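The values are calculated or read from the model by the stated rules, or taken from the named source; none is laboratory data. Model, not experiment: these values are computed from the prediction. Because the Cβ atoms are built from the backbone with ideal geometry, glycine has one as well, and the counts that use them run over all protein chains shown.
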Amino acid sequence: MPTLLKPLIIPALMLLSLGACGSSGSGGDAAADFSDIRGVAQANFAPVFDDGIAMIEAAAQTDDPDGGIDTIVGLQTGELAVANVRVSEDRDTAFLSINGEAPIAYNFESESNRGFRTFINGDERLRLKFGTRRLDLLFTADDGFNAQGFLSTPVEQLPTGAVAYGGQWFAAPSRTAAAFASARGSFAMEVDFDTGATDGVFTGTAEAGPSTGINGFFGVIEGNTEDGIFAGTAQSQSGSIPVNLDMLGTFTDNGSQIIGGVAGTVNSIPVGGTFSGSETGF
């Protein structure tokens with residue numbers, strides 16, 4: 001699955017609607033119930049914080065079965081999950097656990113000139129690329145995913161007041177669905193770290209079927225942020241196909257970036273993927 005490099009493209013009219021959806025009180029209400037979405041993280045997410053010592057690769061490369069890196073992912077079966085990734089100290093074996101289940105071992109196969117290390121188990125492939133503060137991972141399987149892991153910002157170091165973010169999102173169906181290649185687009189959202197209120201808008205395009213061409217859509221993001229975790233929904237309001245996604249994310253780089261997973265349906269087809277955004281000035 002390709003990495004999203006497209007710039008944020010949301011017309012000014014849509015940005016104006018950000019304030020409107022926030023004032024409605026539905027998604028902007030910090031007391032709104034997103035507990036089902038948030039429960040995925042509460043049960044399984046144990047972020048690694050940047051304490052000046054624990055870098056991503058150092059935290060992930062360990063023979064301790066309780067170690068590794070947790071990252072929020074959107075499974076292509078349409079469900080959010082937390083993936084734990086660990087690499088043995090000799091770097092020959094990678095272990096993947098989904099939502100706390102028993103880890104599955106993958107054996108080292110090759111390393112690309114772009115720094116991705118590929119591990120295999122049968123017809124499943126786990127590709128990992130470690131940076132100092134970032135982990136890129138691509139899991140090719142029936143319930144595969146494409147995700148990024150980052151060092152999280154401790155709650156006490158997050159910003160105060162309202163912060164605006166803009167970025168991109170991407171989702172794809174299972175390799176067994178073959179309904180369309182992918183859905184992708186841009187989003188803009190505002191997080192009030194004092195109240196937890198979180199609202200926004202998103203746009204996107206998707207090839208809904210073999211003969212239906214490219215379909216565009218626009219929708220609203222509603223959610224809340226609590227204890228450094230954002231949970232919410234993205235639902236289309238206009239366009240030729242319905243889009244219903246759950247979103248779950250966390251913050252990094254002193255709260256200047258938000259990263260997480262998306263999962264749900266596009267045109268009633270289960271999809272999973274990622275979203276990531278940076279602080280903006282609008």
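For this structure, a couple of remarks:
- Selected residue (only one of THR195, THR132 is outside any strand (DSSP E or B), in contact with a helix residue (DSSP H, G or I) (Cβ under 8 Å, 6 or more places away or on another chain), in contact (Cβ under 8 Å) with a residue 24 or more places away in the chain and among the β-branched types (Val, Ile, Thr)): THR132
- If the condition is being in a strand (DSSP E or B) and under 13 Å from LEU138 (Cβ atoms), then the stretch 75-121 contributes ALA83, VAL85, ALA94, LEU96, TYR106, ARG117, THR118, PHE119, ILE120.
- Residues of the stretch 266-282 that turn out to be of a type outside the set (Phe, Trp, Tyr) and either within 21 Å of THR140 (Cβ to Cβ) or surrounded by 19 or more Cβ atoms within 10 Å (Cβ to Cβ) (or both), as a count: 10
- Residues satisfying the stated conditions in the stretch 42-53, i.e. out of contact with any Gly (no Cβ under 9 Å at 6 or more places or on another chain) and either surrounded by 12 or more Cβ atoms within 10 Å (Cβ to Cβ) or modelled with pLDDT of 90 or more (or both): GLN42, PHE45, ALA46, PHE49, ASP50
- Matching residues, the stretch 231-263, being small (Gly, Ala, Ser) and either under 16 Å from VAL191 (Cβ atoms) or surrounded by fewer than 24 Cβ atoms within 10 Å (Cβ to Cβ) (or both): ALA231, GLY232, ALA234, SER236, SER238, GLY239, SER240, GLY249, GLY255, SER256, GLY260
- Strands (runs of 3 or more DSSP E) lying entirely in the stretch 222-282 (those with 3 or more residues that are without any contact (Cβ under 8 Å) to a residue 24 or more places away in the chain and more than 11 Å from the chain's Cα centre (by Cα)): 229-239
- Residue in the stretch 153-164 that is surrounded by the most Cβ atoms within 10 Å (Cβ to Cβ), counting only those that are in contact with a Phe, Trp or Tyr (Cβ under 6 Å, 6 or more places away or on another chain) and either hydroxyl-bearing (Ser, Thr, Tyr) or part of a loop (DSSP other than H, G, I, E, B) (or both): THR153
- Taken over the stretch 43-74, the criterion of being without any contact (Cβ under 8 Å) to a residue 24 or more places away in the chain and in a helix (DSSP H, G or I) is satisfied by ALA58, ALA59.
- Residue within the stretch 241-250 that is within 27 Å of ASN44 (Cα to Cα), at pLDDT 95 or above, acidic (Asp, Glu) and touching a helix residue (DSSP H, G or I) at 6+ places or on another chain (Cβ under 6 Å) present: yes
- The set of residues in the stretch 143-152 being in contact with a Leu (Cβ under 8 Å, 6 or more places away or on another chain) and assigned to a loop (DSSP other than H, G, I, E, B) consists of ASP143, GLY144.
- The stretch 107-136: number of residues that are more than 23 Å from the chain's Cα centre (by Cα) and at pLDDT 85 or above: 10
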